[in-house]
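What follows is a set of notes on a single structure, which appears directly below.
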Amino acid sequence: MGGDDSGYPLGDIKGSRYIYALFLDPKDMSKTHRYAYAMEWRKDEKEIVGKLVVTYATTQQYRESGKKGRIFRINGNDVKLSANGFSFGDDDLFSGFFSMGEGLSAFGSDSTFVSSSIGSESWLSQFNTFKNLFLKNPNSTASNYYASHIYKMCKKADALDDMEKKMVIKELEKVMKATNDEFLQEMFQASIERLKK
C-alpha cells in the first residue's frame, strides 16, 4: 500500500492484526487521488505494539491507466492488482472486500465513503455490504467501523424513496438485535430516526 512509487508494509509485525481502507479525495474532481488509512497491531499481556499509516496518492485506476498491473505482498502473499480486479491466491476478491482474519475486513478498492449524489441502487448496495459485514461478526473490532459507516450513510439517504427507506429500516432493526453493545444499538436507532425524517 502506498503512493506512486513508495510503499508501507502491513503484516510485518509477527502475529499482528490489521485493517485498511481507501477513499477518494472528495475535493479532487478528477477522481485521480485517494487517501489510504491503515492500522496494524499486536496485543500481548504487557503491551500493544502497532502502527498507523495515512497516505495520499493517485488511485489504482489512474496508476493502471498506463500500466498492465501491479503486484504487492501482504503477509507473505502476492496480491495482483489490475484494471480487471484482484487476484490473491485462491481467494475471490472481486467483491471489493477482503478478509484480514479474525472478523476484520478491508475496503479493497478506491471508492467514495458516502456521496450525496449517489444513486439509490448504489446506496442500497453499499448499505447491504456494510450490513452483511457487520452481521458476519457483530462483536469484532471492525463492527464499530461498519456501524459508523451505516450511520453516516443514513445521514445522507436523500436518494432513497419512502419504500426503500422502509426496507432499510427493517434491516436496521435486525442489525440492532444482533449486538449487545448499547452504543451501537443507539447508533442504529439514530440511523432509523434519520431515515424517518
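The values are calculated or read from the model by the stated rules, or taken from the named source; none is laboratory data. If you're wondering where the values come from, they're calculated on a predicted model, not measured in any experiment. All Cβ positions, glycine included, derive from the backbone under ideal geometry; neighbour counts span all protein chains shown. For the accessible areas, the whole protein counts, side chains as well, though only heavy atoms, and no ligand, DNA or RNA atoms are used. Shrake-Rupley method; radii C 1.70, N 1.55, O 1.52, S 1.80 Å.
Some values worked out for this structure:
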item	result
Hits in segment 140-163 - residues which are at pLDDT 90 or above, open to solvent by 30 Å² or more (accessible area, probe 1.4 Å) and within 16 Å of Asn128 (Cβ to Cβ)	Tyr151, Lys152, Met163
Pair list, Cβ under 7 Å, 6 or more apart: segment 13-38 residue farther than 20 Å from Ser140 by Cα and among the polar types (S, T, N, Q), other residue part of a loop (DSSP other than H, G, I, E, B) and open to solvent by less than 80 Å² (accessible area, probe 1.4 Å)	Thr32/Thr59
Hey, Ser148 outside any loop (DSSP other than H, G, I, E, B), under 29 Å from Ser16 (Cα atoms) and among the small types (Gly, Ala, Ser) or not	yes
Residue identified as assigned to a loop (DSSP other than H, G, I, E, B) and modelled with pLDDT under 90 among Ser105, Ser115	Ser115
Residue count for segment 165-184, restricted to those that are open to solvent by 30 Å² or more (accessible area, probe 1.4 Å), assigned to a helix (DSSP H, G or I) and either more than 16 Å from Leu133 (Cα to Cα) or in contact with a Pro (Cβ under 9 Å, 6 or more places away or on another chain) (or both)	6
Every pair of residues 6+ apart whose Cβ atoms lie under 7 Å, when the first sits in segment 154-181 and is over 13 Å from Phe127 (Cβ atoms) while the second is open to solvent by 70 Å² or more (accessible area, probe 1.4 Å) and hydroxyl-bearing (Ser, Thr, Tyr)	Asp158/Ser116
